[in-house]
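Here is the structure we will look at, set down as C-alpha cells.
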Amino acid sequence: MVSHLWESLGLHGKRVLILHHDDLGLLHAQNAAYEVLGFPTGSIMVPAGWGAQLAHRPHLDLGVHLTLTSEWRAPRLRPLTTSASLRDSSGHFWSTVEEAWLHIRTEEAEAELRAQIHAALAMGIDVTHVDTHMGAVLRPDLAEIYLKLALEFRLPAFIPESLEAINLPAPLRLPIESLLDRAPLPKVRWLDSYPVPPDQRRAWYLDTLSRAGPGVYHLIHHSALPTPEAQSLPDWEKRKADYEALQDAEVRRVIGEFTLLTYRQVREALRRVG
C-alpha cells in the first residue's frame, strides 16, 4: 500500500518538493530564519533550548530531529534521559557519529529517542514526522529503533531512496539498505545543500532544482540569520548562504515550479491507509 502512497496523493509523474529546515530549536537565529522564509516544514532538536518557541502552532509542519550527537563547542547538548552510554565525560552527547556508535547501548538509545518524541508532544508540537541528526541512527540496531518508533507513533520517517551520498562503513551498507528497503514507509529522493560552498549555494539551488525530474524530493537546508549567536557556529556561513538563497527571487521562482508537499500531508495519507 505504501508503494501507492504518492499516487493516492495525486503526485504520480509530478515534480514534488519537501523543503526541509533542519536544526530548528538549536538557535534563536535558526527559528527566526524559519519564520522569515515561510516554508512550513522542518524538524526540531528537542534537547536544544529553543524548541518551545515553535510550540502550539498546529498549522506548522514540524518533526523531531532525533539527536544522539552534539558536534559543536557551543551549544553543547545533553540527553533528556540519564542513559550513561549516550554521554561523554562532560555529560553531553558524543561529538561524532563514530564515538556515538562505539559507545551507545541499544536500549538506552531507544529510551532517549522515545523521550525526545514524547517531549515534543508534551511541548505542544503536533509532530508530523521524524528524521535524524547527522545520520546517527544508521547503525543497524539504531535504524531498527528509528523505524520502530516511526511506526509506533504512526509517523513518516525521512528515508532516502538511495544511500550513495552517505559515507557508510562497508560492513554497514548492505544491512542498512536491506532494512530501509523493507520498511513499510515512503521513501524520498534526498537533496542536501550542506556540502556546497557558501558562495556557490544560490547556483546550486537553481541548477539542482531546474534539472530535477519527476519524483518526490526531500531537500535539506540549515537556514539561520547571520546574528552574533549564529556566528558562534563554525558553519554559520553555510547557514547564512541557505537563508539568502531561499530568499532569492529566482530560486523561489524555480521552487514554485514544484508541487510543494508537507509531512503533515504524508502523515495523514499514511494514517488513512494504515
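Which fully enclosed helices (runs of 4 or more DSSP H) of segment 95-201 have 1 or more residues being hydroxyl-bearing (Ser, Thr, Tyr), under 24 Å from ILE18 (Cβ atoms) and out of contact with any Lys or Arg (no Cβ under 7 Å at 6 or more places or on another chain)?
Working: elements: 97-103, 106-123, 140-152, 170-182.
It comes to 140-152.
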Exercise. Could you list, in sequence order, the residues of segment 248-263 that are farther than 22 Å from ARG211 by Cβ and surrounded by fewer than 21 Cβ atoms within 10 Å (Cβ to Cβ)?
Worked result: THR262
For this session: Of all residues in segment 67-94, count the ones that are polar (S, T, N, Q), closer than 21 Å to PHE158 by Cβ and assigned to a loop (DSSP other than H, G, I, E, B).
Result: 2
For this session: Could you give me the residue pairs with C-beta distances under 9 Å whose first residue belongs to segment 210-232 and is on the phi > 0 side of the Ramachandran plot, whose second residue is among the basic types (Lys, Arg) wherever it lies, and which are 6+ apart or on separate chains?
Result: GLY215/LYS14; GLY215/ARG15; GLY215/ARG189
For this session: Pick out the one residue from VAL36, VAL46, VAL64 that is touching a residue at least 60 places away in the same chain (Cβ under 8 Å), part of a strand (DSSP E or B) and hydrophobic (A, V, I, L, M, F, W, C).
Result: VAL64
Exercise. Within segment 207-223, which residues are more than 22 Å from LYS240 (Cα to Cα) and crowded, with 20+ Cβ neighbours inside 10 Å?
Worked result: VAL216, TYR217
For this session: Could you grab me the full set of residues in segment 164-219 that are more than 22 Å from LYS238 (Cα to Cα) and β-branched (Val, Ile, Thr)?
Result: ILE176, VAL188, VAL216
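Can you confirm whether LEU233 is of a type in the set (A, V, I, L, M, F, W, C) and under 18 Å from the mean Cα position of the chain (by Cα)? Outline the logic, then answer.
On the way: of a type in the set (A, V, I, L, M, F, W, C): yes; under 18 Å from the mean Cα position of the chain (by Cα): no.
No, not satisfied.
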For this session: Please work out if VAL266 is closer than 21 Å to PRO156 by Cα, surrounded by 15 or more Cβ atoms within 10 Å (Cβ to Cβ), of a type outside the set (Asp, Glu) and at pLDDT 95 or above.
Result: yes
For this session: Starting from segment 235-255, keep only residues that are under 14 Å from SER193 (Cβ atoms), then list their pairs with residues that are of a type in the set (Val, Ile, Thr) whose Cβ atoms are within a distance under 6 Å, requiring at least 6 positions of separation or different chains.
Result: ALA245/VAL251
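The values are calculated or read from the model by the stated rules, or taken from the named source; none is laboratory data. The structure displayed is predicted, hence computed values, not measured ones. Note that we place each Cβ from the backbone using ideal geometry, even for glycine, and neighbour counts take in every protein chain shown.
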